[in-house]
1. Identify the GluC sites (Glu not before Pro) of segment 26-82 meeting these criteria: DSSP loop state and at most 16 other C-beta atoms within 10 Å of the C-beta.
2. Per the helix-only calculation at 222 nm, which mean residue ellipticity applies to the chain, given -39500 (n - 2.57) for every DSSP H run of n ≥ 4 and division by its residues, nearest 500 deg cm²/dmol?
3. Counting only DSSP beta bridges with both residues in segment 14-99, what percent are antiparallel, rounded to the nearest 5?
4. Please compute the Kirkwood hydrodynamic radius over segment 1-62, one decimal place, Å, based on all pairs of different Cα atoms.
5. For the pair Ser94 and Asp51, what calculated FRET efficiency results from E = 1/(1 + (r/R0)^6), where r is the Cβ-Cβ distance and R0 = 41 Å, to the nearest 0.05?
6. Give me the percent of Cα-Cα pairs in segment 7-105 that sit more than 17 Å apart, rounded to a whole number.
7. Any chance you could run the full-extension gain for Phe71 through His8? It's 0.36 nm times the residue separation minus the Cα-Cα distance, nm to one decimal.
8. List the lysines whose Cα sits under 26 Å from the Cα of Lys97, skipping any in the same chain fewer than 8 residues away.
Amino acid sequence: MASDKVVHLTDAEFQKAIQQDIPVLVDFWAPWCGPCKAIGPIIEELADEYDGKITIAKMNVDENPETPGKFGIRAIPTMILFKSGEKVDQITGSVAKPQLVDLLAKAS
């Protein structure tokens, strides 16, 4: 089930979105990407579990090529964690939920 807590970002909204008081995890994905579909439900779960503590966002790389280009994203899915607008860390590929939880722990 899709979480209504996941924010869908565009290139135009990106800079403002990562400048929040709470950390932001951005999932760079595309609809045709099999591993992106596989990790999607985990991203949705995290959005519910971390609601109010960490913003979980998704960015479609096909519709928004500018931002992934700035961060040198060559493979998807790539999840980048931001805190106060600064990149904290990133993970590329379809990973298990514990790896994403470990990534989110770096923001606290």
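Derivation of every value follows stated rules applied to the coordinates shown; laboratory data play no part. Just so it is clear, the model here is predicted, and its values are computed rather than measured. All Cβ positions, glycine included, derive from the backbone under ideal geometry; neighbour counts span all protein chains shown.
1. Glu63
2. Value at 222 nm, helices only: -10000 deg cm²/dmol.
3. Here the share of antiparallel DSSP bridges comes out near 65 percent.
4. By the Kirkwood definition, the hydrodynamic radius is 11.9 Å.
5. Once rounded, the FRET efficiency stands at 0.95.
6. Value for segment 7-105: 44 percent of Cα pairs lie more than 17 Å apart.
7. 20.9 nm
8. Lys5, Lys37, Lys53, Lys58, Lys83, Lys87, Lys106
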